[in-house]
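In what follows, a structure is listed as structure tokens, so that the remarks can point back to it.
The values are calculated or read from the model by the stated rules, or taken from the named source; none is laboratory data. No experiment lies behind these values; they were computed from the predicted model shown. Counting neighbours? That spans all protein chains shown, and the Cβs are built from the backbone with ideal geometry, glycine included. Only protein heavy atoms, including side chains, enter the accessible area calculation; ligands, DNA and RNA are left aside. Shrake-Rupley method; radii C 1.70, N 1.55, O 1.52, S 1.80 Å.
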Amino acid sequence: MPKTLFDKVWEAHVVEAMPDGSYLLYIDRHLVHEVTSPQAFEGLRRSGRKLRAPKRTLAVLDHNIPTVDRRNITNPIAKKQVTELESNVREFGIEFYGLDSDRQGIVHIIGPELGFTLPGVTLVCGDSHTSTHGAFGALAFGIGTSEVEHVLATQCLMQSSKPLNFRVELQGRLPRGVTSKDVILRIIREIGTAGGTGSVFEFCGEAIAAMSMEERMSLCNMSIEAGARAGMIAPDPTTFDYIQAQNRPFAPKGKVLTEALNYWKTLQTDAGAHFDKELVLNVSALAPQVTWGTNPAMGTDVSGSIPALDGYKHSSAANVERALQYMGLKAGQKMTEIPIDLVFIGSCTNGRIEDLRAAAAFLQGKKVKVQTLVVPGSMQVKAQAEREGLDHVFKQAGAKWREPGCSMCLGMNPDIAAPGQHVASTSNRNFEGRQGKGARTHLMSPIMAAAAGVAGHVVDVREKLY
């Protein structure tokens, strides 16, 4: 029977199928950070359990740490979480990348760049944007704290049911000034934040084949924002070249690599495989996307306007009105009329080297009008950017060059916006208070955020590129 990519990876990891329709899955890779792990380790300690497979887990600091003066953590809760993780990894014998490590960074950036993320594996983390790793053909998804403990103790995980297959075909080639971030925002705008509920996306098509691994990771990263359990892309030569690049210590080498490649090449959806849902989107005329509301589906073309209160198909007029009141905007307002007070370029969505290159290329020779934070996604990204001189471009433009961390993606560290500020953000969520109490988040691509920083308002970057 023909199988999808998801079917193949799922079935290869089923330890036992239960009579009630639930499944026990084997987990190949586990990533932990300081926020969702303390209770899990404490649970192991209370029950006297050891880790089932310590070498299959990596730990890193990212969510709570400052991006300046990193050792000076003033928030007592954040400081406690950081010190507890440092203590727990020593006690349980886990590979750990702390603030002094040249491998430290955002959990969903270091996994791929270290070769820990590989095609065909199951990978979990106590963070919803674990879907990022699906860009490699991995089945990757976020889990809760109790599940973190379960994986640490057993290297397995219960799933109440098998998700559906949802095929997302992207036809055509992306126009200049349009990125994979715009693609995923357009998909979420089309199907809503619950459109993928109970499903795993498989992204395919001409546009996917043309994307770099960085672009694919940004796309899969936000699958969760459409309600999907995960997003996946079949591995291809682009994937294999990325894994075989230098400085990926966990990637297979030699004979093991040869055997792995032979297996990875089988991870393609078979002709005639069944999909429960399908979406086809031609991206050849896609415009840059910007959110105007308080969830990632509340967005539109940068050249467009905020819809009428009853013109948004995924929510009631009352909910749209509430969102616009929070955002300080009004129906019918042009997107390019939205003021920007603060710019954030970074996060597990858009903190990779290609993202920084795109932003720096636009900022070359320009000056920002508003405070602009540029936060590399990892120490390796930071080092590469500095070798290329990107940090000088950012500084000369008036932007602030920071140390790696989750930073302004979420209001859990010192990098937060003031109440009422409009933030051009390359992160993944624009919920009320996500970047600080009263902060107003507008999601967009790195090049769009850079352009907004120069103009002081939302702009159509295509007009600045031609």
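Descriptive notes on the structure:
- Figure legend. Inter-residue proximity from the stretch 380-397: first residues over 18 Å from Gln246 (Cβ atoms), second residues of a type in the set (Lys, Arg), beta-carbon distance below 6 Å, spacing 6+ or different chains. Indicated pairs: Ala397/Lys366; Ala397/Lys367.
- Whether a residue is open to solvent by less than 30 Å² (accessible area, probe 1.4 Å), closer than 21 Å to Asn430 by Cβ and either of a type outside the set (A, V, I, L, M) or at pLDDT 95 or above (or both) was assessed, and Gly311 does not pass this test.
- When residues of the stretch 318-337 are limited to those that are under 17 Å from Gln421 (Cβ atoms) and not small (Gly, Ala, Ser), the one surrounded by the most Cβ atoms within 10 Å (Cβ to Cβ): Met327
- All positions within the stretch 362-397 that are assigned to a loop (DSSP other than H, G, I, E, B) and not polar (S, T, N, Q): Gly365, Lys366, Lys367, Val368, Lys369, Val370, Val375, Pro376, Gly377, Glu388, Gly389, Ala397
- Note on the stretch 49-79: among residues that are touching a residue at least 40 places away in the same chain (Cβ under 8 Å) and part of a helix (DSSP H, G or I), the one that is surrounded by the fewest Cβ atoms within 10 Å (Cβ to Cβ) is Lys55.
- Residue count, the stretch 349-361 (criterion: out of contact with any Leu (no Cβ under 8 Å at 6 or more places or on another chain) and either under 15 Å from His392 (Cβ atoms) or assigned to a loop (DSSP other than H, G, I, E, B) (or both)): 4
- For the stretch 90-126, filtering for residues that are part of a helix (DSSP H, G or I) and open to solvent by less than 10 Å² (accessible area, probe 1.4 Å) leaves 6.
- Any chance Thr239 is of a type in the set (S, T, N, Q), over 21 Å from Met444 (Cα atoms) and buried (at least 17 other Cβ atoms within 10 Å of the Cβ): yes
- Scanning the stretch 1-48 for residues that are of a type in the set (S, T, N, Q) and touching a helix residue (DSSP H, G or I) at 6+ places or on another chain (Cβ under 7 Å), we see that the one that is least open to solvent (accessible area, probe 1.4 Å) is Ser37.
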